[in-house]
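Following: one structure in structure tokens, then a few remarks.
What follows draws every value from the coordinates through simple rules; no lab data is involved. A quick note: this is a predicted structure, and the numbers were derived from the prediction, not measured. Here the Cβ positions follow ideal geometry from the backbone for every residue, glycine too, while neighbour counts run over all protein chains shown.
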Amino acid sequence: MWLVSQILPVIRLYLVGLKVLLYQLFNKSFALPVFPKQNGRVAIVTGGAKGMGYETARQLTSLGMHVVIAGNCEEEGIAAVKKIQAEKHEGKVDFQYLDLASLSSVRQFVQKFKDRGLPLHVLVNNAGVMLVPERKTEDGFELHFGLNYLGHFLLTNLLLDTLKKSGRPDSCARIVTVSSATHYGGVITLEDLQSRSCYCSHGAYSQSKLALVLFTYQLQQRLTSGGFPVTANAVDPGMVNTDLYENLCSLAQLAKRPVAWLLFRTPAQGASTTIYAAAAPELEGVGGCYLYNGRRTQSSDASYNEDLQAKLWRQSCALVGLQDEGRRAD
Ligand SMILES: NC(=O)c1ccc[n+]([C@@H]2O[C@H](COP(=O)([O-])OP(=O)(O)OC[C@H]3O[C@@H](n4cnc5c(N)ncnc54)[C@H](O)[C@@H]3O)[C@@H](O)[C@H]2O)c1
């Protein structure tokens, strides 16, 4: 039984990876169209200092937005800001410290952001870690679940009032959440969200990415029923050559190198669907989608389970200490 719960998630994740690589072998990466300028709009990009987050921050700045790079490494964040500023785009960019593995850091980030009195039109939940050996966040949550999912769950909920105020019916505020094809192999175990009974880093990562899709759909449903001018979409960037793979074991690292060189997308290509979700005029007012390679795609069957979405939302509120305000009387 133990062996099965260790090996099954690994097999599922590698099968999904293989499918993505085959797709990338036969299909070109989505090419970003030219978008109208978006001066005056404000965006937060978590993990915007490197990888796809950096490319997202860079492109949104080039569209004229004011981008706040939110990350847990000040040095990297400031270096990213300087690099983007050196390109002399129309928009503004700055850095604000955020450690998604700490609920108090998320709360402090939001307070500091709100103190600046800025509106918020785009929130990109991009940051993440993958295949980390068993570790806990400051608050005692399994790291993938706590950082990739719960950190973003709290961040989004605390920023929701600002997003609602900043959006307009003809120009909605947008929440873009970066998930992954690994969510197709993910399983949510409501009784053991922290993977305490049996830890497998592959299963924990896939679970966190499925949780983000369930969260996006439930969030969109709540936004729609409240009539708020905010949309929420999930994005799948494909397989992209970034530092995310640094926790692969050395043998897998070795095997990955030639495959990545041949078949992985570049960070700029990987970020293109996120930027599309954040800025495309044709997605005005469109939410509750899973976007892959610039197109709406079906996510996993489990992600459409409304009962699971609602239960996960409720448990997440309890875990991060939020009142579930949108709860239906049941
Ligand atoms: N690279 C891929 O093949 C791939 C595939 C599917 C999904 N994704 C997702 O794309 C997103 C971006 O990843 P990437 O590939 O650019 O990797 P990356 O390692 O280059 O970037 C991850 C970012 O997350 C930030 N981060 C990590 N821990 C943090 C914390 N505690 N608080 C705040 N920020 C933190 C890092 O500083 C970094 O900026 C992730 O959510 C990842 O799961 C990546």
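Every test in (1) assigned to a loop (DSSP other than H, G, I, E, B); (2) within 13 Å of the ligand (Cβ to nearest atom) is passed by VAL187 save one, and that test is (2).
Here are VAL320, VAL259: which of them is buried (at least 18 other Cβ atoms within 10 Å of the Cβ) and over 20 Å from VAL178 (Cα atoms)?
VAL320
A single entry from SER300, SER250 fulfils the requirement of being without any contact (Cβ under 8 Å) to a residue 24 or more places away in the chain and either within 18 Å of ALA57 (Cβ to Cβ) or among the hydroxyl-bearing types (Ser, Thr, Tyr) (or both): SER250. From the list THR224, THR137, THR177, THR156, the lone residue that is out of contact with any Lys or Arg (no Cβ under 7 Å at 6 or more places or on another chain) and without any contact (Cβ under 8 Å) to a residue 40 or more places away in the chain is THR137.
For every residue, the table says whether it meets (1) of a type in the set (Asp, Glu); (2) crowded, with 23+ Cβ neighbours inside 10 Å; (3) within 30 Å of HIS66 (Cβ to Cβ).
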residue: PRO267; (1), (2), (3): no, no, yes
residue: GLY270; (1), (2), (3): no, yes, yes
residue: GLY294; (1), (2), (3): no, no, yes
residue: THR297; (1), (2), (3): no, no, no
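I need a count of the residues in segment 241-254 that are surrounded by 12 or more Cβ atoms within 10 Å (Cβ to Cβ) and either farther than 22 Å from THR46 by Cα or not hydroxyl-bearing (Ser, Thr, Tyr) (or both).
Initially, segment 241-254 is screened for residues surrounded by 12 or more Cβ atoms within 10 Å (Cβ to Cβ), giving 241-242, 244-245, 247-248, 252-253.
Next cut, either farther than 22 Å from THR46 by Cα or not hydroxyl-bearing (Ser, Thr, Tyr) (or both) only: 241, 244, 247-248, 252-253.
Adding up the residues that qualify gives 6.
Checking PRO237 against (1) farther than 19 Å from THR297 by Cβ; (2) within 14 Å of the ligand (Cβ to nearest atom); (3) crowded, with 16+ Cβ neighbours inside 10 Å; (4) not small (Gly, Ala, Ser), only one condition comes out false. Which one? So PRO237 meets the others, but not (1).
Restricting the first member to segment 255-282 and to residues that are under 30 Å from VAL42 (Cα atoms), and the second to residues that are in a helix (DSSP H, G or I) and hydroxyl-bearing (Ser, Thr, Tyr), the beta-carbon pairs closer than 8 Å and six or more apart or on different chains are PRO267/TYR54; ALA271/THR56; THR274/THR56; ILE275/THR56; ALA278/THR56.
Scanning segment 57-86 for residues that are assigned to a helix (DSSP H, G or I), near the ligand (Cβ under 9 Å from one of its atoms) and not charged (D, E, K, R), we see that the one that is surrounded by the most Cβ atoms within 10 Å (Cβ to Cβ) is GLY77. Quick check on segment 118-139: of everything there that is among the aliphatic types (A, V, I, L, M) and not in a loop (DSSP other than H, G, I, E, B), which residue is farthest from the ligand (Cβ to nearest atom)? The qualifying residue farthest from the ligand (Cβ to nearest atom) is VAL122.
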